[in-house]
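In what follows, a single structure is set out as C-alpha cells and then discussed.
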Amino acid sequence: MSAQILDGKTVSEHLKDEIRARIAKHIANGQRAPHLVAVIVGNNGASETYVASKERNSKSVGMDSTVLRFPETMTEAELLAEIERLNSDLSIDGFIVQLPLPKHIDAQKVTFAIKPEKDVDGFHPYNTGLMLKGIDTLLPATPYGILLMLEYYKIETSGKNCVVIGRSDIVGKPMAALMSRNAYPGNCTVTMCHSKTNNLEFYTKNADILVVASGIPEMVKGDIIKPGAVVIDVGITRVDDASNPKGYSIKGDVHFESAAAVASYITPVPGGVGLMTIAGLLQNTLKAYETKK
Ligand code: GUN
C-alpha cells in the first residue's frame, strides 16, 4: 500500500473536541445545551446502528439527544403531525428523520415538512437552493463531512478534476455542487458519473479526486484509478460474511487493497466517511443552535 489513510476517527475526534469546547462555553454563559432529535420509524437494522451512533456522539460533545421510535404501522399523517410538533418545540434545535421510511410514507413529503432552520440533515429543498447559490446554510451531512476531511488534511482542490460516481439527492448531487463552487474545498472541474455512464474508466482514470457513492460494494478497483488520486469512499453496505461473528461485514464502494496501491490518499471503510457524516451532523446541530440564539 502506498496511499495515506484519510482517517475519519482522527478528524471527527478533532472536530468533536472543538464542538465540545464551544458547547461548554455556551453552558458556562448560562445557555442550555443544543438538542438534537432523531426520528426512526419501523425496524431497520442499519438505521438503528446509525441512530445509535448519532445519539452516542451527540451526547459525547455535551448535546442533549433524544431518539423517538415509532412503529412500522405509523401513518404518514401521524409522522407529519410529529414533525409539526418538533418544528414548533423551542427546546429542539435540530432533528432528522432517518431514511429509509416504510413504503407507505412519502419521504419527499416528510423532507419538505421539516422546518429548514432545524433541517440538520440539509435535505430540505430550501437548503439545497441556498447551497447551490453559495449562500451559507445547513449542508447535507455526508458531503459536508467530506469537505471537513479534505480541509483537515489540507488537500489541494483548486483546478483539479473531480469525478463523483453516484447522483443521489443526499450525496452525489450535493457533492458535485460543492466541489465545483468557488471556495475551498471546491474550484474543481467536476464530472458526475452514474449507472448509465458509458466507459466509466475514461472518467475515473482522469480523476485527481474520486468520490464513490454508487452503493455497489467494491465496484471501483485500483485498475481504473489515476495514480496519485485522492479516493473518497462513501459506501457502507452490509455484505454476508460467514467468517464474521456478526454474519456480515461492512464493505465500501471501493476495493480498498487495489485502490490503496495506486492512490495518494484514501478513506477506509469503516473508519472514514461514516464518521465524518456524524461530524457534519453535529456541526450542523451546533450551527442551528447558535443561529437561533
Ligand atoms: N439514511 C442513510 N443516511 C442517512 C442520513 O444521513 N440521514 C438520514 N436521515 N437518513 C439516512
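Here are a few things to note about the model shown:
- For the chain, the calculated P(r) over all alpha carbon pairs, in 5 Å bins from 0 to the bin holding the longest distance, is 1, 6, 12, 16, 18, 17, 14, 10, 6, 2, 0, 0 percent.
- With N counted as the residues of the stretch 1-97, its alpha-carbon radius of gyration over 2.2 N^0.38 Å works out to 1.33.
- Computed extension length for Lys109-Asn199: 28.8 nm, one decimal, from 0.36 nm per residue of separation with the Cα-Cα distance subtracted.
- Cysteines, the chain, no other Cys beta-carbon under 4.7 Å: Cys193
- Using only alpha carbons, the stretch 200-255 has a radius of gyration to Kirkwood radius ratio (Rg to Rh) of 1.08.
- Over 17 Å [Cα-Cα, the stretch 223-293], rounded percent: 57
- Among beta bridges from DSSP that stay inside the chain, the antiparallel ones total about 10%.
- Cα convex hull volume per residue for the stretch 140-293 (Å³): 122
- Of the cross-linked pairs Lys9/Lys118; Lys173/Lys226; Lys54/Lys173; Lys118/Lys246; Lys16/Lys205; Lys115/Lys173, those separated by over 30 Å at the C-alpha level are Lys118/Lys246; Lys16/Lys205.
- The stretch 1-46 and the stretch 216-246 have Cα centres spaced 25 Å apart.
- For the chain, adding -39500 (n - 2.57) for each run of n ≥ 4 DSSP H residues and dividing by the number of residues yields -12000 deg cm²/dmol at 222 nm.
- Beta bridges by DSSP in the stretch 208-293, antiparallel share as percent, to the nearest 5: 35
- Formal net charge of residues neighbouring Glu218 (Cβ-Cβ distance under 9 Å; K, R +1; D, E -1): +1
- Fully extended contour minus Cα-Cα distance, from Thr66 to Glu290, at 0.36 nm per residue: 78.7 nm
- Calculated diffusion of the stretch 45-197, Stokes-Einstein form, Kirkwood radius summed over Cα pairs, 37 °C and 0.692 mPa s, µm²/s: 191
- Within the chain, the selection of entire DSSP H helices by a Cα span of 20 Å or greater along the long axis and an average Kyte-Doolittle value of at least -0.5 returns 273-292.
- The stretch 115-181 - Rg over Rh from alpha carbon coordinates, Kirkwood radius: 0.96
None of the figures in this text is laboratory data; all of them are computed from the coordinates on show. Note that the coordinates shown come from a computational prediction; the quantities given were computed from them, not determined experimentally. Using ideal geometry, Cβ is built from the backbone for each residue, glycine included, and neighbour counts are taken over all protein chains shown.
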